[in-house]
Amino acid sequence: MNEIAAPRPNNLDAFWMPFTANRAFKAAPRLLARAEGMYYYTPEGREIVDGTAGLWCCNAGHGRREITEAIQRQAEVMDFAPTFMMGHPIVFQAAARLAEVTPAGLDRIFFTNSGSESADPALKIALAYQRARGESQRGRLIGRERGYHGGGFGGMSVGGIGNNRKQFGALLPYVDHLPHTHALEHNAFSRGLPAWGAHLADTLESLVTLHGDTIAAVIVEPLAGSAGVLIPPVGYLQRLRELCDKHGILLIFDEVITGFGRLGTMFGAERLGVVPDIMTMAKGLTNAAVPMGAVAVKSEIFHTVVDNAPAGIELFHGYTYSGHPLAAAAAIAAMDVYRADDLPARARAIEGAFEAGAHSLRGLPNVIDVRNFGLVAGIELGPGPGKAAERAGRVVERLL
Ligand SMILES: Cc1ncc(COP(=O)(O)O)c(C=O)c1O
């Protein structure tokens, strides 16, 4: 199946590519024309292993027929219907199906269209909840250094990647950050959860001392990917959970990349043994066949916000495409595929081999760390003189 009919685009100018060195790309484009299973194919028909599942989103492989057909069927039945003041059956079905697989208690689902779009409602629901329970002084949000919660202003503000922030001014006020947990001097070449660093969660205690009872929520990725695979130290998330409970703070997990099997369970929360109050997800929710994101919240949070509101709309937030019928169809089909394939169990079954493969790179020139958990591995290269990411860029070129 290496024959590709796709023509090359003859004008690359119009598309302002996201998170891309546009000038370099357009001088030397890398195009992917087709995908199937675990491979991409270039316009020339060259096969490339998709080692990152797209952008961490095609969890069950590309082009799953069950999902494609579900989208096609739904497109014929109904292309679009609003979810503001109206409803359509398939979106309720998708929410109920999702609530079956989210961690126990997180059974109210707010739909969005991406991971970025999920950060805002998660943060807004946390603020609305604190207000509804009579804690309206809790208007402060805590993120973490090197965290990534997408490109919206809410997610960027609690996020902690310098390059994503520095072009865009002051961002949200009343935000503070925990330290990140990356510490090669203690944890280099760790397999599974690194041993050192649980105490870094205690910084939340210092932030409470600093900010008093004004903190509404803490948002972290249980395992972070965007700023270089940061695996939580043993006991770290448990400590965060304890401190949030002690101080009346909600704990939000961003499970956009850890959801849907990647860590050997449906969500990272299960494998890591800590259940948050609110969880964001996207990517694998539809196996990336149609954009969709979601926020799952504990029903107590839903009831506090909804039951305490005056008659009328209880949460002033939503998107035209919250629960788009094609996305809902794709999500249901994707969850069927994950269940039929038993994707989390398959991830667990191969993680040992994956770990051994990743760590076999130890000892190669410039490899200063290998770390892994579930089906995620980070291979860290020492920076070239004065050029932090240049070496990694050259490795990508060579691999392609
Ligand atoms: C943890 C996390 N949150 C949010 C996002 C943003 O998701 P999206 O690109 O779908 O907006 C990403 C994307 O990589 C992510 O890794």
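The values are calculated or read from the model by the stated rules, or taken from the named source; none is laboratory data. Everything quoted here is computed from the prediction, not taken from an experiment. Heads up, the Cβs are rebuilt from the backbone with ideal geometry, glycines too, and the neighbour counts pull from every protein chain shown. When the accessible area is computed, the model is the full protein with side chains, heavy atoms only, and any ligands, DNA or RNA have been set aside. Shrake-Rupley method; radii C 1.70, N 1.55, O 1.52, S 1.80 Å.
Of the numbered conditions (1) away from the ligand (no atom under 16 Å from the Cβ); (2) open to solvent by 20 Å² or more (accessible area, probe 1.4 Å); (3) among the charged types (D, E, K, R); (4) closer than 29 Å to A53 by Cβ, D277 fails exactly one; give the number of that condition.
(2)
Looking at H182, H149, H177, which is the one that is touching a residue at least 40 places away in the same chain (Cβ under 8 Å) and closer than 22 Å to A216 by Cα? Before you say what the answer is, go through the steps one by one.
Numbers: H182 fails: closer than 22 Å to A216 by Cα; H177 fails: touching a residue at least 40 places away in the same chain (Cβ under 8 Å).
Of the residues listed, the single one that is touching a residue at least 40 places away in the same chain (Cβ under 8 Å) and closer than 22 Å to A216 by Cα is H149.
Out of segment 74-103, which residues are open to solvent by less than 60 Å² (accessible area, probe 1.4 Å) and polar (S, T, N, Q)?
Q74, T83, T102
Can you name the residue in segment 39-71 that is within 16 Å of the ligand (Cβ to nearest atom) and at pLDDT below 95 and is also farthest from R262 (Cα to Cα) among such residues?
Taking segment 39-71 first, the residues within 16 Å of the ligand (Cβ to nearest atom) are 50-59.
Keeping just the survivors that are at pLDDT below 95 gives 51-52.
Details: G51: 13, T52: 11 Å.
Only one residue fits best here, namely G51.
Output yes when any residue across segment 75-89 is touching a residue at least 40 places away in the same chain (Cβ under 8 Å), closer than 30 Å to N372 by Cβ and more than 16 Å from the ligand (Cβ to nearest atom), and no when none is.
Restricting attention to segment 75-89, the residues satisfying the condition of being touching a residue at least 40 places away in the same chain (Cβ under 8 Å) are 75, 77-84, 88.
Still in the running and closer than 30 Å to N372 by Cβ: none.
Within segment 75-89, not a single residue is touching a residue at least 40 places away in the same chain (Cβ under 8 Å), closer than 30 Å to N372 by Cβ and more than 16 Å from the ligand (Cβ to nearest atom).
All but one of (1) surrounded by fewer than 12 Cβ atoms within 10 Å (Cβ to Cβ); (2) within 22 Å of T52 (Cβ to Cβ); (3) at pLDDT below 95 hold for K387; state the number of the condition that does not hold.
Here K387 clears every test but (2).
Is there a residue in segment 195-206 that is among the β-branched types (V, I, T), more than 16 Å from the ligand (Cβ to nearest atom) and in contact with a strand residue (DSSP E or B) (Cβ under 7 Å, 6 or more places away or on another chain)?
Going through segment 195-206, the residues among the β-branched types (V, I, T) turn out to be 203.
Filter once more, keeping what is more than 16 Å from the ligand (Cβ to nearest atom): 203.
Right, trim to in contact with a strand residue (DSSP E or B) (Cβ under 7 Å, 6 or more places away or on another chain) and you get 203.
Yes, that holds for at least one residue.
Closer than 18 Å to L127 by Cβ, open to solvent by less than 20 Å² (accessible area, probe 1.4 Å) and in contact (Cβ under 8 Å) with a residue 40 or more places away in the chain: which single residue out of V218, V229 fits that description?
Details: V229 fails: closer than 18 Å to L127 by Cβ.
That would be V218, the only listed residue that is closer than 18 Å to L127 by Cβ, open to solvent by less than 20 Å² (accessible area, probe 1.4 Å) and in contact (Cβ under 8 Å) with a residue 40 or more places away in the chain.
Go through segment 260-274 and report how many residues are closer than 15 Å to V376 by Cβ, of a type outside the set (D, E, K, R) and more than 14 Å from the ligand (Cβ to nearest atom).
4
Which ones in segment 136-152 are of a type outside the set (K, R) and either buried (at least 22 other Cβ atoms within 10 Å of the Cβ) or within 13 Å of the ligand (Cβ to nearest atom) (or both)?
Going through segment 136-152, the residues of a type outside the set (K, R) turn out to be 136-137, 139, 141-143, 145, 147-152.
Answer for segment 136-152, where residues must be of a type outside the set (K, R) and either buried (at least 22 other Cβ atoms within 10 Å of the Cβ) or within 13 Å of the ligand (Cβ to nearest atom) (or both): L141, I142, G143, G147, Y148, H149, G150, G151, G152.
Give me the residue from segment 169-181 that is hydrophobic (A, V, I, L, M, F, W, C) and modelled with pLDDT of 95 or more and, out of that set, nearest to the chain's Cα centre (by Cα).
Within segment 169-181, the subset hydrophobic (A, V, I, L, M, F, W, C) is 170-172, 175, 178.
So of that shortlist, the ones also modelled with pLDDT of 95 or more come out as 171-172, 175, 178.
On the way: L171: 21, L172: 21, V175: 20, L178: 19 Å.
Among them, the one singled out is L178.
Given (1) within 15 Å of the ligand (Cβ to nearest atom); (2) in contact with a helix residue (DSSP H, G or I) (Cβ under 6 Å, 6 or more places away or on another chain); (3) more than 20 Å from N59 (Cβ to Cβ), identify the lone condition not met by L223.
(3)
Scan segment 193-215 for residues that are out of contact with any Pro (no Cβ under 6 Å at 6 or more places or on another chain), among the small types (G, A, S) and open to solvent by less than 50 Å² (accessible area, probe 1.4 Å) and report the count.
Matching residues across segment 193-215 total 2.
Restricting to segment 253-265, what's the tally of residues that are among the polar types (S, T, N, Q) and surrounded by fewer than 24 Cβ atoms within 10 Å (Cβ to Cβ)? Let's see the steps before the verdict.
Here is the first cut: in segment 253-265, the ones among the polar types (S, T, N, Q) are 258, 265.
Then keep just the ones that are surrounded by fewer than 24 Cβ atoms within 10 Å (Cβ to Cβ); that gives 265.
Looking only at that region, the number is 1.
If you go through segment 279-316 one residue at a time, how many are over 28 Å from A70 (Cβ atoms) and of a type in the set (V, I, T)?
Result for segment 279-316: 5.
If I filter segment 166-192 down to residues being of a type in the set (A, V, I, L, M) and open to solvent by 60 Å² or more (accessible area, probe 1.4 Å), which single residue comes out as farthest from F153 (Cα to Cα)?
Going residue by residue through segment 166-192, those that are of a type in the set (A, V, I, L, M) are 170-172, 175, 178, 183-184, 188.
Next, from what is left, pick out any that are open to solvent by 60 Å² or more (accessible area, probe 1.4 Å): 170, 172.
Numbers: A170: 10, L172: 7 Å.
The extreme case among them is A170.
Rundown of residues vs (1) surrounded by 23 or more Cβ atoms within 10 Å (Cβ to Cβ); (2) closer than 17 Å to A53 by Cα, yes/no style:
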| site | (1), (2) |
| --- | --- |
| L285 | yes, yes |
| E314 | no, no |
| A329 | yes, no |
| D336 | no, no |
| R339 | no, no |
| R346 | no, yes |
| I350 | no, yes |
| A353 | no, no |
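Scan segment 101-112 and give yes if some residue there is in contact with a His (Cβ under 6 Å, 6 or more places away or on another chain) and of a type outside the set (F, W, Y), otherwise no. Please lay out each step first, then the result.
Initially, segment 101-112 is screened for residues in contact with a His (Cβ under 6 Å, 6 or more places away or on another chain), giving none.
Within segment 101-112, none of the residues are in contact with a His (Cβ under 6 Å, 6 or more places away or on another chain) and of a type outside the set (F, W, Y).
Take segment 232-252 and flag every residue that is in a helix (DSSP H, G or I) and either at pLDDT below 95 or open to solvent by 10 Å² or more (accessible area, probe 1.4 Å) (or both). Talk me through it step by step, then tell me what you get.
First, the residues of segment 232-252 that are in a helix (DSSP H, G or I): 236-247.
Across segment 232-252, the qualifying residues are Q238, R239, R241, E242, D245, K246, H247.
Going through I257, I215 one at a time, which residue ends up being within 16 Å of the ligand (Cβ to nearest atom), at negative phi and among the hydrophobic types (A, V, I, L, M, F, W, C)? Steps first, please.
Details: I215 fails: within 16 Å of the ligand (Cβ to nearest atom).
None of the other options fit; the residue is I257.
Which residue pairs have Cβ atoms under 8 Å apart, sit 6 or more places apart or on different chains, and have a first residue in segment 295-320 that is more than 14 Å from D120 (Cα to Cα) and a second that is among the basic types (K, R) and at pLDDT 95 or above?
K298/R108; S299/R108; I301/R108; F302/R108; T304/R133; N308/R133
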